[in-house]
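Chemist: Here it is, the structure in full.
The values are calculated or read from the model by the stated rules, or taken from the named source; none is laboratory data. Owing to the predicted nature of the structure, the values given are computational and were not obtained by experimental measurement. Cβ atoms come from the backbone with ideal geometry, glycine included; neighbour counts cover every protein chain shown. The area values use the complete protein model at the heavy-atom level, side chains included, leaving out ligands, DNA and RNA. Shrake-Rupley method; radii C 1.70, N 1.55, O 1.52, S 1.80 Å.
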Amino acid sequence: DRGVTGTTDWKRCEINLEVPADATNINFGAIHSGDGSAWFDGLSVTVDGEPYQEKAKFDLEFESSSPVGFYTGGHGYQVRLDKRFVQSGNQSLLMRYAPPPPIPNGGGVASASFPAGSAAGKRVRLSGYIKTREVSQGFAGLWLRIDGPSGVLAFNNMEDRGVTGTTDWERYEIELPVAVEATRVVFGALLPANGTGWFDSLKLEVAGAAYPGSEN
C-alpha cells in the first residue's frame, strides 16, 4: 500500500510487525514486482529495537517442517519437502517442473547465504546428494556463489556437469575460493530444467570444517 514507484533517489523505508507468541518463523527481504529497476542496500533487522544477532541456521538434511535457512521457489516450478524418496532421514527437497514452460534463466531454486567474514581467504565446499527423474532441457545441480563489494567474485552451478536424465542418489560437490574482500557466500540447489530433482544430505564446509549452524 506504500511501495516505491517512479524514479527516486535513495530513501529509507521500514516495516514493523508484532510477532505472535505462537509464531514459528520470520521471513523477510526485498521485492520488486513491476517494470524498471530497483536497488536495495543497508538492510537491518531489529527485535524490540536491538539488532538481530542470532547465527544463521541451515537445515541441510531437510528434516524440518520447512527448509530452514533457505529461500525456495521459481516461476513455473514446485519446490517442497518430500517423504517418498530420501537419501537419509525422513525427507528430501523436491523440485519439479510444472507448466508454464521455464522462462529464460528460470528454474526451481533453494538458496541460502552467510556473511563471508569467517571464510575470507579460505575455501568453501558444498556437497550433497541428487536424484533425478526425466530431467531434460537443462540439469539439476548444486550451486555456490561468492559476492564482493562490486558484484560476483566466483560462481559454480555445475552447468558443465549437471545431472540429467533419470538417476539414483549420487554425491556431488563444488568448491570455490573465498577472496579476502568477499562479503557474502550464497549456496543451494537448483533445477533449471524439465523433470524432477531431489536433493538431500547437503554439507557446507569452510577450510574442511563444517560451517557453524550447518552441522547435522
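Chemist: Any idea how many residues of the range 110-153 are closer than 11 Å to Leu176 by Cβ, more than 16 Å from the chain's Cα centre (by Cα) and assigned to a strand (DSSP E or B)?
Modeler: Number of matching residues: 2.
Chemist: Return the residues of the range 165-200 that are within 15 Å of the chain's Cα centre (by Cα) and open to solvent by 20 Å² or more (accessible area, probe 1.4 Å); say none if nothing qualifies.
Modeler: Within the range 165-200, Arg184, Leu190, Pro192 meet the criteria.
Chemist: Here is a further query. For the structure I just gave you, tell me whether Asn25 is under 23 Å from Ala140 (Cα atoms) and either of a type in the set (D, E, K, R) or at pLDDT below 80 (or both).
Modeler: When the stated conditions are applied, Asn25 does not pass them.
Chemist: Looking at the range 63-89 only, could you name the residues that are in contact with a Gly (Cβ under 7 Å, 6 or more places away or on another chain), assigned to a loop (DSSP other than H, G, I, E, B) and either open to solvent by 40 Å² or more (accessible area, probe 1.4 Å) or within 19 Å of Ala112 (Cβ to Cβ) (or both)?
Modeler: Matches in the range 63-89: Glu63, Phe70, Gly74, His75.
Chemist: Let me ask something else about it. When you look at Ser127, is it open to solvent by less than 50 Å² (accessible area, probe 1.4 Å) and either within 26 Å of Asn27 (Cα to Cα) or not aliphatic (A, V, I, L, M) (or both), yes or no?
Modeler: yes
Chemist: Okay, moving on. Would you pick out the residues in the range 46-62 that are in a loop (DSSP other than H, G, I, E, B), modelled with pLDDT of 85 or more and surrounded by 11 or more Cβ atoms within 10 Å (Cβ to Cβ)?
Modeler: Asp59, Leu60, Glu61, Phe62
Chemist: For the range 154-164, enumerate the residues that are assigned to a strand (DSSP E or B), of a type outside the set (Phe, Trp, Tyr) and either open to solvent by 70 Å² or more (accessible area, probe 1.4 Å) or in contact with a Leu (Cβ under 7 Å, 6 or more places away or on another chain) (or both).
Modeler: Passing the criteria: Ala154, Asn156, Thr164.
Chemist: If I filter the range 201-210 down to residues being assigned to a strand (DSSP E or B) and not hydroxyl-bearing (Ser, Thr, Tyr), which single residue comes out as farthest from the chain's Cα centre (by Cα)?
Modeler: For the range 201-210, the residue satisfying everything is Ala209.
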